[in-house]
1. Between helix A:2-15 and chain A, what is the angle of the helix's C-alpha long axis to the longest principal axis, kept within 0 to 90° and rounded to the nearest 10?
2. Expressed as cubic angstrom per residue, what is the convex hull volume of the alpha carbon set of the range A:82-170?
3. So how many Å³ per residue does the convex hull of the Cα atoms of the range A:18-103 work out to?
4. Where the convex hull is taken over the Cα atoms of chain B, what is its projected area averaged over directions, in nm²?
5. Eight or more residues apart or on different chains, and alpha-carbon atoms under 25 Å: count the Lys pairs in the range A:18-184 matching that.
6. Can you tell me the equivalent ellipsoid semi-axes for the range B:71-172? Use √(5λ) from the Cα gyration tensor, largest first, whole Å.
7. How big is the C-alpha Rg of the protein assembly as shown next to the rule-of-thumb value 2.2 N^0.38 Å, as a ratio?
8. Take every Cα pair under 8 Å in chain B that's 6+ residues apart, average their separations, divide by the length, and report that relative contact order as a whole percent.
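Every read-out reported here was derived from the displayed coordinates using simple, explicitly stated rules and does not represent laboratory data. The shown structure was predicted, so the numbers you read here are calculated from the model rather than taken from an experiment. As a convention, Cβ positions derive from the backbone with ideal geometry for all residues, glycine included, and neighbour counts pool all protein chains shown.
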Amino acid sequence: MKKLILATLLSAAVVSPVWAADYRIDDQGAHASINFKVKHLGYSWLTGRFNTFSGNFSYDPANVEASKIVVDIDTNSIDSNHAMRDKHLRNADFLEVDKYPDAKFVSTKVEVNGEDAMTVYGDFTLRGVTKNIAIDASKVGEGKDPWGGYRAGFEGVAEIDMADYGFATDFGTVMLELHVEGIRI
Amino acid sequence: MTDIRYSTTRKLLHWLSALAVLALFASGLWMVELGYYDAWYQRAPAWHINVGVLLFIVTTARFMLQRNNPTLDASAIQRVAARVAHLSLLLCIVLLTVTGYGFSTADGRPLLFFGLEIPSMGAVIAQQETVMGEWHELIAYATIGLSLLHAAAAIKHHVIDRDDTLKRMLIQ
């Protein structure tokens, strides 16, 4: 039995010589943000963000395709810098946070598009509806931080159509602008 | 015999307040259902606030005016019941003003009263815009319930007891 475990560990080590590092998104230090923008009347962009979320990702620069990311979003934390609008966005016309308090993104596939550029495909769940979306992402940088840790940061954009997620009010396409900094765990 | 009728000013303020309470309740029910592209979407809440603040001012004035309240011959229990009902209505209007002000100024923006900026006190509780919004709605229903009770009591005095309770408030 011990031999089997040893053999398994060894073969795993041979198959993936560099272990993919796991990172926790730094929501504690707020070095990450989930922003959105949507057209107002077709005349301008209204921007906002979700203040509360958490997530993890694994990233190995030598094997980017194997990267994975999971993010949980508290829909109640929507903030568009206007209390009455936020209240409206939380009600049944939009996010219906009583019924759907969480949104979630779970990556399914990562495609490399060039140096530090990638497309992250995954299942995005919002209002209880799960759809596959593509995040056009790139690595901003990685390295040691001054406090003894190791960090890697990414940015990405994605588009979702409100109609796909059963919003009672449909303002068309919502652009998601994502900034993620992870601390290696 | 003492004159138990109210002064014309107090009668006028009473009936204007009644009208305002009904208009505010109806407009409140109606305006929360308005679609974003409705022409009244911005205007209706602005007028609801204007009238609401006016009602608060008038209610405060009426509370000051009621010190030398002429009284009818009535049993002690009736007097206490009427007093409790009236004070509850007053409390409702105060609470409606506080919660209305609280939830519409939760993000620090001022309240606009006919264009005049009434400063915000910001948020004093978590999710104030949602929590106080819910209270505002509940208290509004309580206010209408109390108003109906108040009207039913006045009609009962007029029709069944055949006394001057309702008459002394009527403008003749």
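1. The angle comes out at about 70 degrees.
2. 148 Å³
3. Dividing the Cα hull volume of the range A:18-103 by its residue count gives 134 Å³.
4. 12.1 nm²
5. Close lysine pairs found across the range A:18-184: 21.
6. 37, 15, 11
7. 1.49
8. 25 percent
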